[in-house]
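Structure, as structure tokens:
The values are calculated or read from the model by the stated rules, or taken from the named source; none is laboratory data. All of these numbers come straight from a predicted model, not from anything done at the bench. In this analysis, Cβ positions are derived from the backbone assuming ideal geometry, glycine residues included, and neighbour counts consider all displayed protein chains.
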Amino acid sequence: MGVFDKLFGGGKKVPKETTETRGEHMPDLKIPIDEKFTIYFKKNGGKFIYCENFTEILTALESIISENDWQTQAFYTLDKRINERFATEKLNFTDKRKDSDIFFTTCEHLIAHNGSILVCSNQIKERKLNELPDNLIVFATTSQLVDSISEALKVIKKKYDKTLPDNITTLKHFEPTQENKNDFLSYGSASKNVYLLLLEDY
């Protein structure tokens, strides 16, 4: 399967009932968390590309840049892991918000239960979501998929022990939809153009 086949979806096919006829408050069907994340992430308005190796990640990133005419744009990042992982690529990074309309980051976890992306001070420092650019590129791995926020918090607590990060929050609504347009919890942060580069690492 080529990179373009994986754009804006990818993953395995899911039953039509799962995506179209289940109500928001219905009990979850017993499906794998990667498929569940796919369903809800797309429902939230997110776009992702599943990649089997880092070469495909770079190809996908090039496609995103070309599609949006971002060749001369700087990439705003507060996450040193992005600088390190993509250091050999010809990307211009900046830590100044005023210099960029594109935020490039990692995340802590991908939450299957609602298709959200969990970030914290490791990625966004003390910034609020509405202080980030409207365009986001998130680099994540399949091992970061968890079923729920509570599960993600347990992993974070175990991972960081006595140096717990703060400003833990989730990116959930990526574009205004019929379901989220009146959700006051997403006010000021709903209109985000989110690309998820998802690397297989199991």
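A few remarks follow.
- Any hit, segment 50-62, residues being within 15 Å of PHE139 (Cα to Cα), of a type outside the set (S, T, N, Q) and without any contact (Cβ under 8 Å) to a residue 24 or more places away in the chain: yes
- Members of segment 52-77 that are touching a Leu at 6+ places or on another chain (Cβ under 6 Å) and either charged (D, E, K, R) or within 22 Å of LYS172 (Cα to Cα) (or both): PHE75
- Residue within segment 62-84 that is touching a helix residue (DSSP H, G or I) at 6+ places or on another chain (Cβ under 8 Å), among the basic types (Lys, Arg) and farther than 18 Å from LEU198 by Cβ present: no
- Near pairs, Cβ below 9 angstrom, 6+ apart or cross-chain, from segment 137-155 (under 13 Å from GLY115 (Cα atoms)) to any residue that is assigned to a helix (DSSP H, G or I) and among the acidic types (Asp, Glu): LEU145/ASP34
- Filtering segment 93-129 to residues that are of a type in the set (Val, Ile, Thr) and either in contact (Cβ under 8 Å) with a residue 60 or more places away in the chain or under 19 Å from LYS192 (Cα atoms) (or both) leaves ILE102, THR105, THR106, ILE111, ILE117, VAL119, ILE124.
- Annotation for segment 154-164: at least one member residue is part of a helix (DSSP H, G or I), exposed (fewer than 14 other Cβ atoms within 10 Å of the Cβ) and among the hydroxyl-bearing types (Ser, Thr, Tyr).
- Members of segment 37-66 that are part of a helix (DSSP H, G or I), at pLDDT below 95 and surrounded by fewer than 18 Cβ atoms within 10 Å (Cβ to Cβ): LYS43
- For segment 68-84, the condition of being out of contact with any strand residue (DSSP E or B) (no Cβ under 8 Å at 6 or more places or on another chain) and aliphatic (A, V, I, L, M) holds for none of the residues.
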